Amino acid sequence: MKSTGDLQLLKRINRSVLLRLIRSQSDLSRARLAALSGLTKSTVSALVRELLDEHWLSEASAPVATQSMGRPSTPLNIDTQKRVLIGIEIAVDCLRLVCVSLTGAILTQTEVVLRDRQPAKACEQLAALVQLLCRQLDEKQLLLSGLGVCLPGAVDESLGLVRLAPNLGWRDVPFLSMLHAEFMRLGIAAPSIHLQNDADAAALGEYEFGGGSGDDPLIFVNCDVGVGAGIVLNDRLFTGFLGAAGEIGHSILQVDGPLCSCGRRGCAEAFIGARVLGKKPGVVQAGRYLGVVLQNLDAMFNPHVIVVGGRSCMEHPALIEIARSTQQAYASAAGLQSPEVRAARFGVQAAAVGAAALVLHQFLRPLLKESNHVSGN
Ligand SMILES: [Zn+2]
């Protein structure tokens, strides 16, 4: 049956090609899609029909005249009305839940106190919230495409395993299978569930619902109790060997510096983590050290865009401004161009929205390892 499998994969690839084209350009016609994708017009027509039936796409109710001779065409766009994605952030002291459209518009958002950090308890609380949200989606006749969960720790996405989340106190927690079991117990039907680090998710959210490949490479720097970076490189998340790439909070900024929560001295987190931000000398110094971190990221990755977000930036908006000018000063001292440094598009919801973006990211890339996510069907 290998050939059937191959054909199905080919079809998924072709569908994703069309969806990605339509996401990047609005109002494409079938003929234009065929020209841009290299697929035959009949293949495009059949796949577009399917994508319309499954509510991935919508088409204008009336055809519009084309500039050239020939039949009028019907513009196609991403359906923003019917399909939704759920994204969840497990933060150190709260759970954030968002429901977004296929284009990243936030439809609902919820934030509740995380009652108990133990993995099983967090899993239960999270699943109960999802159950409630799924009921609301059913009432509104919305279709759930999948669900993403992110948290502050190193995640092995292919195993659904949280290797280490120091600020939650988790080590080697098989959280994805725990979620599956809890969802099954509650009768929650999620087509797919994904697990990722919070900064990685936030980077994907900015990428998928923002500038897309035009922003590649994109780095998201998440400033909260911990400080981490998510890196999108060549249209993929760069997560490293054990899922711990981008742990810039523990890059060393000063030999024999202040003690960090990890036991080392002089880590970035000891200068810019939320726990030290409230203390003297506060935001200005933290902003300058954050600028040093941005400079180091620029030297390593030469990113197109660096997005800075996380709760610390919401509470201290000056942080980004100081960091940006510090980084720019380093760049101009060397006669180099600075990357674009901007604030997170989705503010405090960046990681939760990013978790939702995980679903879309995987769906649009059928060749990403199958084992990258556990599929419910
Ligand atoms: Zn450290």
Give, as residue ranges, the helices (runs of 4 or more DSSP H) completely inside the range 1-110 that count at least 1 residues that are touching a Pro at 6+ places or on another chain (Cβ under 9 Å). 2-24
Looking at (1) over 21 Å from ASN197 (Cβ atoms); (2) surrounded by fewer than 14 Cβ atoms within 10 Å (Cβ to Cβ); (3) of a type outside the set (S, T, N, Q); (4) not assigned by TED's automatic domain parsing to the domain that holds ARG15, which is the only condition ALA62 fails? (4)
Against the definition (outside any helix (DSSP H, G or I) and farther than 25 Å from GLU247 by Cβ), how does GLY148 come out, yes or no? no
I'm told PHE220 meets every condition in (1) of a type in the set (A, V, I, L, M, F, W, C); (2) within 16 Å of the ligand (Cβ to nearest atom); (3) touching a helix residue (DSSP H, G or I) at 6+ places or on another chain (Cβ under 6 Å); (4) touching a residue at least 60 places away in the same chain (Cβ under 8 Å) except one. Can you identify the failing condition by its number? (2)
Mind listing whichever residues of the range 256-269 are free of Cβ contacts under 8 Å to residues at least 24 places away in the same chain and either within 26 Å of the chain's Cα centre (by Cα) or within 13 Å of the ligand (Cβ to nearest atom) (or both)? GLY257, PRO258, LEU259, CYS260, GLY263, ARG264, ARG265, GLY266, CYS267
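Let's see how each residue does on (1) crowded, with 20+ Cβ neighbours inside 10 Å; (2) away from the ligand (no atom under 14 Å from the Cβ):
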site	(1), (2)
ARG236	no, yes
PHE271	yes, no
VAL293	yes, no
ALA299	no, yes
PRO303	yes, yes
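Residue by residue, here is whether (1) under 28 Å from ALA165 (Cβ atoms); (2) within 29 Å of the chain's Cα centre (by Cα) holds:
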position	(1), (2)
ARG23	no, yes
ARG32	no, no
LEU36	no, yes
ALA46	no, no
LEU85	yes, yes
ARG96	yes, yes
Matching residues, the range 214-238, being part of a loop (DSSP other than H, G, I, E, B) and in contact with a strand residue (DSSP E or B) (Cβ under 7 Å, 6 or more places away or on another chain): ASP216, PRO217, PHE238
Is at least one residue of the range 260-282 part of a loop (DSSP other than H, G, I, E, B), modelled with pLDDT under 95, among the hydrophobic types (A, V, I, L, M, F, W, C) and not assigned by TED's automatic domain parsing to the domain that holds ALA91? yes
Log entry, pairs with first residue in the range 36-65 being farther than 18 Å from VAL84 by Cα and touching a residue at least 40 places away in the same chain (Cβ under 8 Å), second being surrounded by 12 or more Cβ atoms within 10 Å (Cβ to Cβ) and of a type outside the set (Ser, Thr, Tyr), beta carbons closer than 9 Å, six or more apart or on different chains, reads none
Can you pull out the residues in the range 307-336 that are within 20 Å of GLY210 (Cα to Cα) and touching a helix residue (DSSP H, G or I) at 6+ places or on another chain (Cβ under 6 Å)? VAL307, VAL308, GLY309, CYS313, MET314, ILE320
Test each condition in (1) at pLDDT 95 or above; (2) in contact with a Lys or Arg (Cβ under 9 Å, 6 or more places away or on another chain); (3) within 16 Å of the ligand (Cβ to nearest atom); (4) farther than 26 Å from ALA329 by Cα for GLY205 and report the one that comes out false. (3)
Using the structure shown, decide if ALA286 is crowded, with 17+ Cβ neighbours inside 10 Å, outside any helix (DSSP H, G or I) and either of a type in the set (A, V, I, L, M, F, W, C) or within 16 Å of the ligand (Cβ to nearest atom) (or both). no
Is it the case, given these coordinates, that LEU253 is within 11 Å of the ligand (Cβ to nearest atom), surrounded by 14 or more Cβ atoms within 10 Å (Cβ to Cβ) and farther than 16 Å from PRO152 by Cα? yes
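The values are calculated or read from the model by the stated rules, or taken from the named source; none is laboratory data. The structure presented is a predicted model; accordingly, all values stated were derived computationally and were not measured. With ideal geometry, Cβ positions are generated from the backbone for all residues, glycine too; neighbour counts draw on all protein chains shown.
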